[in-house]
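The block underneath contains the structure these notes are about, expressed in C-alpha cells.
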Amino acid sequence: MPATPPAQPYLEVIDSFAIRRTQQFFLIGRLYGTAEPGMFAHIQLNPGLALTVRITAVEEVEFPTENKPYTLLETRGDDPDYLNLMLGLNLGLETVQISVEGED
C-alpha cells in the first residue's frame with residue numbers, strides 16, 4: 001500500500017495587520033502542520049489565482065483569555081506598495097495554505 005503524503009500545512013487566519021515603519025505584514029491564526037521561515041503563504045485571490053508571500057518569521061502568541069496559543073506569520077516587502085496591497089486584501093477568517101513552493 002503506498003504511503004499517504006502528509007497533509008499540506010495551513011493557517012486558519014483570524015486577522016492580519018501591518019507595521020509600516022518596518023515594512024512588516026502579519027497573519028495571525030491557528031496553524032495546522034508546520035511553518036518555517038523561508039516557506040510561502042499562498043493567499044487565494046480567486047479560485048484560479050493565488051498570491052505567494054515568503055514567511056520571514058513564525059512566532060507563537062498567547063492571549064490571557066485563550067487556552068491555546070495562536071501563530072503569527074511575519075512577511076516583509078521591499079516594494080512601497082506591498083503593505084497597501086496586503087492590507088487591501090483584508091485577510092481574516094480564511095484559510096491560507098503553507099508550502100515550500102512559491103515566488104517572491
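With respect to the conditions (1) closer than 17 Å to Gly92 by Cβ; (2) of a type in the set (Asp, Glu); (3) touching a Ser or Thr at 6+ places or on another chain (Cβ under 7 Å), Asp15 lacks only one, and its number is (3). Residues of segment 36-76 that are of a type in the set (S, T, N, Q) and in contact with a strand residue (DSSP E or B) (Cβ under 6 Å, 6 or more places away or on another chain): Gln44, Thr52, Thr56, Thr71, Thr75.
Across segment 17-35, the number of residues qualifying as within 15 Å of Glu60 (Cα to Cα) and either among the basic types (Lys, Arg) or touching a strand residue (DSSP E or B) at 6+ places or on another chain (Cβ under 6 Å) (or both) comes to 8. Go through segment 24-56 and give me each residue that's in a loop (DSSP other than H, G, I, E, B) and either at pLDDT below 95 or on the phi < 0 side of the Ramachandran plot (or both). Across segment 24-56, the qualifying residues are Thr34, Ala35, Glu36, Pro37, Met39, Pro47, Gly48, Ile55, Thr56. When the residues of segment 43-90 are filtered to those that are over 21 Å from Tyr32 (Cβ atoms) and among the hydroxyl-bearing types (Ser, Thr, Tyr), the one that is farthest from the chain's Cα centre (by Cα) is Thr65. Among the candidates Asp15, Asp79, the residue that is acidic (Asp, Glu) and not in a loop (DSSP other than H, G, I, E, B) is uniquely Asp15. Looking across segment 54-81 at every residue that is in contact (Cβ under 8 Å) with a residue 40 or more places away in the chain and either charged (D, E, K, R) or surrounded by fewer than 17 Cβ atoms within 10 Å (Cβ to Cβ) (or both), the one that is farthest from Leu31 (Cα to Cα) is identified as Asp78. When segment 7-53 is limited to residues that are farther than 12 Å from Thr71 by Cα and of a type in the set (Lys, Arg), the one that is surrounded by the most Cβ atoms within 10 Å (Cβ to Cβ) turns out to be Arg20.
The values are calculated or read from the model by the stated rules, or taken from the named source; none is laboratory data. Since this is a predicted model, take the numbers as computed values, not measurements. Note: ideal-geometry Cβ built from the backbone for every residue, glycine included; neighbour counts use all protein chains shown.
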